[in-house]
Amino acid sequence: MKLSRAVTEYVALKQSMGMCFRSEAGVLKSYCRALGDLDIRDVDPDAVQAYIAGKGVITAYWHQKFKVLDRFYRFAIGRGHVDSSPLPKTIPKCPEPPAPHIYTEKELRQLLSATNLLETPRSPLQAATFRTLLLTLYGTGLRISEALSLTLADVDLKESLIVVRHSKFFKTRLVPIGPRLTAELQSYAKRRQRMPCPTGKDSTFFATRSGKTLTYTRARKIFSILRDFIADYGKNGARSRPRIHDLRHSFAVHRLEDWYRE
């Protein structure tokens with residue numbers, strides 16, 4: 001059996017069980033592209049090692065790829081597609097995860113001010129989009145994937161409510177928002193509705209100039225520009241820089257601190 005066919009069969013099985021399996025499917029498709037469309041029994045262990053290792057130092061992604069492939073080959077062995085796993089026997093120690101960065105109020109204000117740099121004639125809404133996105137992440141504690149998946153219909157400004165659909169654990173939840181964030185979202189929504197809305201109310205809330213969904217890759221890239229503009233977080237031997245996900249951590253910590261003071 002071809003490797004690609006075995007992967008397709010495995011992904012279909014997992015998704016038929018109600019699993020999203022998006023990131024795992026991405027790893028497996030990348031694995032197929034790296035090794036080529038060969039028979040699953042002809043996979044070279046050295047090629048597998050090279051794919052998992054990638055380039056540079058060992059990161060948590062090494063272990064993520066290994067776990068995905070390990071489960072896949074258990075499936076393949078169980079179905080009789082292959083006799084043994086070509087995965088490496090020696091597993092390096094997983095590096096410690098980066099410590100969450102709790103943004104100060106000064107840093108948050110600087111990040112918001114830095115979004116003015118994104119204003120261009122070709123992308124008149126880009127600065128407002130990222131400013132509003134940062135405010136939403138910090139003001140609600142949403143995951144970045146949840147915020148980018150919001151549609152115009154999901155943001156109920158009359159009720160000051162955001163509907164988050166099919167989140168990390170496949171659940172839908174309601175997120176109330178305060179008056180200041182509601183006002184910011186109302187201001188952005190008026191400008192957003194003057195931009196293309198390909199699917200009406202189901203169009204994405206945070207969008208590109210063409211009305212398409214703002215991707216995570218794009219959001220992370222722009223955020224890194226804003227972050228590095230306000231400070232050099234890599235100095236003094238820092239192993240990692242603050243991430244956009246740290247806005248979620250900051251929301252939680254600051255909310256707890258406010259409750260304590262109150």
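The table below gives the values:
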{"item": "Residues being open to solvent by 80 Å² or more (accessible area, probe 1.4 Å) and either basic (Lys, Arg) or more than 20 Å from residue 114 (Cβ to Cβ) (or both) - total across segment 217-236", "result": "5"}
{"item": "Matching option when the condition is buried (at least 17 other Cβ atoms within 10 Å of the Cβ) and over 22 Å from the mean Cα position of the chain (by Cα), among 10, 31", "result": "10"}
{"item": "Single unsatisfied condition, residue 49 versus (1) touching a Pro at 6+ places or on another chain (Cβ under 6 Å); (2) in a loop (DSSP other than H, G, I, E, B); (3) open to solvent by 50 Å² or more (accessible area, probe 1.4 Å)", "result": "(2)"}
{"item": "Among the residues listed as 36, 26, 18, the single one being touching a residue at least 60 places away in the same chain (Cβ under 8 Å) and loosely packed, with under 13 Cβ neighbours inside 10 Å", "result": "18"}
{"item": "Any hit, segment 11-23, residues being more than 30 Å from residue 98 (Cα to Cα), of a type outside the set (Gly, Ala, Ser) and in contact with an Asp or Glu (Cβ under 8 Å, 6 or more places away or on another chain)", "result": "yes"}
{"item": "Number of the exception - residue 151 against (1) touching a strand residue (DSSP E or B) at 6+ places or on another chain (Cβ under 7 Å); (2) of a type in the set (S, T, N, Q); (3) surrounded by 15 or more Cβ atoms within 10 Å (Cβ to Cβ); (4) farther than 16 Å from residue 213 by Cα", "result": "(4)"}
{"item": "Hey, residue 61 closer than 30 Å to residue 223 by Cβ, part of a loop (DSSP other than H, G, I, E, B) and either open to solvent by 70 Å² or more (accessible area, probe 1.4 Å) or not aliphatic (A, V, I, L, M) (or both) or not", "result": "no"}
{"item": "Subset of segment 108-137 [crowded, with 17+ Cβ neighbours inside 10 Å and either over 16 Å from residue 180 (Cα atoms) or not aliphatic (A, V, I, L, M) (or both)]", "result": "111, 114, 115, 118, 125, 126, 129, 130, 131, 132, 136"}
{"item": "Filtered residue count, segment 72-90, keeping only those that are open to solvent by 50 Å² or more (accessible area, probe 1.4 Å), assigned to a helix (DSSP H, G or I) and of a type outside the set (A, V, I, L, M, F, W, C)", "result": "2"}
{"item": "Hits in segment 165-195 - residues which are open to solvent by less than 100 Å² (accessible area, probe 1.4 Å), part of a helix (DSSP H, G or I) and either acidic (Asp, Glu) or free of Cβ contacts under 8 Å to residues at least 60 places away in the same chain (or both)", "result": "181, 182, 183, 184, 185, 186, 187, 189"}
{"item": "Close pairs (7 angstrom Cβ cut-off, 6 or more residues apart or separate chains): more than 19 Å from residue 198 (Cα to Cα) in segment 143-162, among the aromatic types (Phe, Trp, Tyr) and assigned to a helix (DSSP H, G or I) anywhere", "result": "144/216; 145/216"}
{"item": "Residue within segment 154-163 that is within 21 Å of residue 218 (Cα to Cα) and open to solvent by less than 40 Å² (accessible area, probe 1.4 Å) present", "result": "no"}
{"item": "Exclusive hit being closer than 30 Å to residue 20 by Cβ and out of contact with any Gly (no Cβ under 8 Å at 6 or more places or on another chain), set 112, 150", "result": "150"}
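The values are calculated or read from the model by the stated rules, or taken from the named source; none is laboratory data. Nothing here was measured: the structure is a model prediction, and the numbers come from that model. Because the Cβ atoms are built from the backbone with ideal geometry, glycine has one as well, and the counts that use them run over all protein chains shown. The protein model used for the area step is the full one, side chains on, heavy atoms only, and it has no ligands, DNA or RNA in it. Shrake-Rupley method; radii C 1.70, N 1.55, O 1.52, S 1.80 Å.
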